[in-house]
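Since the structure comes first, as structure tokens, the remarks are kept for the end.
Every number in this text was worked out from the coordinates using simple rules, so none of it is lab data. In this text the structure is predicted, and so the values were computed from the model without any measurement. As a convention, Cβ positions derive from the backbone with ideal geometry for all residues, glycine included, and neighbour counts pool all protein chains shown.
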Amino acid sequence: MPPAPVGTFATIRERTMVDSKLRDVIIVGGGHNGLVCAAYLAAAGLKVTVLERRGVVGGAAVTEEFHPGFRNSVAAYTVSLLNPKVIRDLELARHGLRVVERKLANFLPLDASQYLKIGAGKTEQEVAKFSARDAARLAPYGERLDVIADVLRDLVLERRSENTVNLFPSLRFHSPQF
């Protein structure tokens, strides 16, 4: 049978079945999350293959030229969501990671004459243009959100216990077919 078109699931399956005995793990997707998983698994001694449909890895953390002479990360804010432990474990600063924080986090045009500026100490003032009540509640909301984010940031680093409910019982993680 002729090979499937490049980029299809069947192609991935055909290519990986040939050397599946040489791999412990195949990660589909070379975004920053897939690369982090691959790094940890490889550090644990597993043989890892990462498959990415694009010609460049990094996903949302990739800086690309969107117009001649203008470069931007397609979703750079996600780097700030990268857990500090991961940054330390993988020694990302040593490998060139440099997080450049913008003074103004976001500019949100609403129509031809209205907009919101988020960050740089302007958020409350900007929200007040639309609702003084909401603007007054922003600081307590942000403080509460920071507490929740700290809890979640720690939670994602915990190992799953044997008592944890498997949310995906139909998935077979050690399938000999793939």
Practice prompt. Could you please rank Arg94, Arg144, placing first whichever residue has the fewest other Cβ atoms within 10 Å of its Cβ?
Written response: Arg94, Arg144
Discussion item. Please list, ordered by chain and number, the residues whose modelled amide H lies under 5 Å from the amide H of Ile27; skip anything fewer than 5 residues away on the same chain.
Written reply: Thr49, Val50, Leu51
Practice prompt. Report, by chain and number, residues whose modeled amide H sits under 5 Å from the one on Ala105, excluding near sequence neighbours (fewer than 5 apart, same chain).
Written response: Ile118, Gly119, Ala120
Response to the item:
When Arg71, Arg23 are arranged by how many other beta-carbons sit within 10 Å of their Cβ, fewest first, they go Arg71, Arg23
Discussion item. Bins of 10 Å, beginning at zero and ending with the bin holding the largest distance: percent of Cα pairs per bin for segment 104-159, please.
Written reply: 21, 39, 25, 13, 2
Worksheet item: Which chymotrypsin sites (Phe, Trp or Tyr not before Pro) in segment 52-142 pass both tests, a DSSP loop state and at most 15 other beta-carbon atoms within 10 Å?
Response: Phe130
Worksheet item: How do Lys47, Lys117 rank when sorted from fewest to most other Cβ atoms within 10 Å of their own Cβ?
Response: Lys47, Lys117
